[in-house]
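Take a look at the structure below.
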Amino acid sequence: MEAPSEGLLDRSRPDGREPYYLPLADEVAEFEAAYASRLPVLLKGPTGCGKTRFVEHMTWRLFGRGDIDDHLVTVSCHEDLTGTDLVGRYLLKGDETIWQDGPLTQAVRGGSLCYLDEIVEARKDTTVLIHSLTDHRRALPIDKTGELVHAHADFLLVISYNPGYQSILKDLKTSTRQRFVSLTFDYPDEPREAEIIAHESGVASGLAHRLAVTGAKVRNLREHGFREGVSTRLLIYAGELIQRGIEPRRAAEIAIVEAVSDDAHVQEAVAGIVDVVWP
């Protein structure tokens, strides 16, 4: 695979370039099997562990290894997301009222993979409308137009959420959860996380290993009340800062210590780890 220019991650994703993803288990084969049967997929895992990159990688693999933006519709869910935002709305254009499909409807019609990221952030009445797309019907009713849109043969629905933030108010309803096959993600072990950091940021393997060690030690704080740990994404950011000439210890402070939490006690604990790994 061609390396990004200057050893840095190219987030523009040029047409046809494979989104880098390092498999940690059998998730690639399992997702391919789910897609072959058009089974909707739920991805569970902590923030910044690679769920979105995995979806991009699988889109590239499944849809002819071309420009994934032609085949992937991503919606970042939030508490104000309405069914109208997903399905579509009428708009005024001059003297006419025209219908405009929302991102979900566009994916259903066009045969794209639709990825609803952090689905639990959306309102419960919004998530219910996906139910008819996740069983034998594979259809989307549009109440405002009276249309029933049958999904294109290539369409697949994928959702994700972070169980670390699971609560009574932010959890998937059983009626929604049991419509999906589920793949669970976690942070990589140290050797593979170091490999990811080195590839994505361009830093030397020794520095990448120290960043991976830092990540593993910070995550051990979860046993002492720090719920989330540090994401692989932040470790890559630290590597990119180092690659741009920022002193390694300072890069760790900017991308890890100051970024993981605003809690002074947590920052002090993480800073102590940085002191050990980056003396």
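The values are calculated or read from the model by the stated rules, or taken from the named source; none is laboratory data. Please read all numbers here as calculations on a predicted model, not as lab measurements. When we count neighbours, we look across all protein chains shown, and the Cβ atoms used for this are built from the backbone with ideal geometry, even at glycine.
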**Complete:** Counted residues in region 26-68 being modelled with pLDDT of 95 or more, assigned to a loop (DSSP other than H, G, I, E, B) and either surrounded by fewer than 18 Cβ atoms within 10 Å (Cβ to Cβ) or of a type in the set (A, V, I, L, M, F, W, C) (or both) come to 4
**Request:** Residue by residue through region 219-248, note down the ones that are assigned to a helix (DSSP H, G or I), modelled with pLDDT of 95 or more and not aromatic (Phe, Trp, Tyr).
**Result:** 232, 233, 234, 235, 236, 238, 239, 240, 241, 242, 243, 248
**Request:** Hand me the list of strands (runs of 3 or more DSSP E) wholly inside region 107-169 holding 3 or more residues that are within 19 Å of the chain's Cα centre (by Cα).
**Result:** 113-117, 156-161
**Item:** Any chance residue 213 is β-branched (Val, Ile, Thr), surrounded by fewer than 20 Cβ atoms within 10 Å (Cβ to Cβ), in contact (Cβ under 8 Å) with a residue 60 or more places away in the chain and over 30 Å from residue 129 (Cβ atoms)
**Value:** yes
**Message:** What are the pairs with Cβ atoms under 6 angstrom where one residue, in region 131-148, is assigned by TED's automatic domain parsing to the domain that holds residue 177 and among the β-branched types (Val, Ile, Thr) and the other, located anywhere, is surrounded by 11 or more Cβ atoms within 10 Å (Cβ to Cβ) and part of a helix (DSSP H, G or I)? Sequence gap at least six, or different chains.
**Reply:** 142/87
